[in-house]
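Enquirer: First the structure, which I've put down as structure tokens, then a few questions once you've had a look.
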Amino acid sequence: MTPGPSATAAVGKIRSLGFTHVLSIPDSESRLLHDAVGDAADLELIVPCREGESIAIAAGLWAGGAKPLLLVQNTGLMEAGDALRGCGLGPKIPLRMLVGWRGFAGAEAGKLPIDSAYTYTEALLQAWSIPYEILDRADGLGAIERMDATAEQTQLPAAVLVARRFEP
């Protein structure tokens, strides 16, 4: 199996891009990154109750001059659709999102049935016109930098689909 990105290296990339806060509800793909952010003294980890709440909090942090990063699973992104519409797309707030792509590994391995969360994720981002890249290998952390630049240039949400679990 192809290894996923290093959580430690991802924290370094997050720092280098000037993120101030990470809003995260830990899941199977992002748990190690969630923990690494929690251990980083210079990053504020916020653990909201629901993903929709994380989007609203991130929008408020951005309005106040901070640079937040959302770390959510694809199912949480689906749950947060209305918040994303009202706090990101509508008011044109450059929300930056790392989205754990639940179901990717099973689909890649040909396991049936394919998780519908996997199936709907790209189509949903495309329907919302949210640009995204896929992070599917250990050396692919440049996707975070490109997502950040896209959000800055467009002043709209942008995402990275994290296809493999974070490694230590």
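The values are calculated or read from the model by the stated rules, or taken from the named source; none is laboratory data. Note that this is a predicted model, so its numbers are computed, not measured. Every residue, glycine among them, receives a Cβ derived from its backbone with ideal geometry; neighbour counts consider all protein chains shown.
Enquirer: Of all residues in region 24-45, how many are of a type in the set (Val, Ile, Thr) and either in contact with a Pro (Cβ under 8 Å, 6 or more places away or on another chain) or farther than 21 Å from residue 165 by Cα (or both)?
Expert: Of the residues in that region, 1 qualify.
Enquirer: Looking at region 101-131, which of its residues are aliphatic (A, V, I, L, M), closer than 27 Å to residue 149 by Cβ and part of a helix (DSSP H, G or I)?
Expert: The answer is 123, 124, 125, 127.
Here is a yes/no grid of residues against (1) buried (at least 18 other Cβ atoms within 10 Å of the Cβ); (2) closer than 17 Å to residue 73 by Cα; (3) without any contact (Cβ under 8 Å) to a residue 24 or more places away in the chain; (4) aliphatic (A, V, I, L, M):
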{"residue": "116", "(1), (2), (3), (4)": "no, yes, yes, no"}
{"residue": "123", "(1), (2), (3), (4)": "no, yes, yes, yes"}
{"residue": "130", "(1), (2), (3), (4)": "yes, yes, no, yes"}
{"residue": "135", "(1), (2), (3), (4)": "yes, yes, no, yes"}
{"residue": "146", "(1), (2), (3), (4)": "no, no, yes, no"}
{"residue": "150", "(1), (2), (3), (4)": "yes, no, yes, no"}
{"residue": "154", "(1), (2), (3), (4)": "no, no, no, no"}
{"residue": "157", "(1), (2), (3), (4)": "yes, yes, no, no"}
{"residue": "160", "(1), (2), (3), (4)": "yes, yes, no, yes"}
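Enquirer: Ok, one more. Considering each of 54, 24, 28 in turn, give the residue that is in contact (Cβ under 8 Å) with a residue 24 or more places away in the chain and in contact with a His (Cβ under 6 Å, 6 or more places away or on another chain).
Expert: Sole residue among the options that is in contact (Cβ under 8 Å) with a residue 24 or more places away in the chain and in contact with a His (Cβ under 6 Å, 6 or more places away or on another chain): 24.
Enquirer: Let me ask something additional. Please enumerate the residues belonging to region 91-136 that are small (Gly, Ala, Ser) and either at pLDDT below 95 or closer than 25 Å to residue 32 by Cα (or both).
Expert: If the condition is that a residue be small (Gly, Ala, Ser) and either at pLDDT below 95 or closer than 25 Å to residue 32 by Cα (or both), then 100, 103, 105, 106, 107, 109, 110, 116, 117 are the ones that fit.
Enquirer: Continuing with this model, one more query. With respect to residue 23, determine if the residue is in a helix (DSSP H, G or I) and crowded, with 24+ Cβ neighbours inside 10 Å.
Expert: no
Enquirer: Within region 38-56, is there a residue that is under 21 Å from residue 145 (Cβ atoms), outside any strand (DSSP E or B) and under 15 Å from the mean Cα position of the chain (by Cα)?
Expert: No - not one qualifying residue is present in region 38-56.
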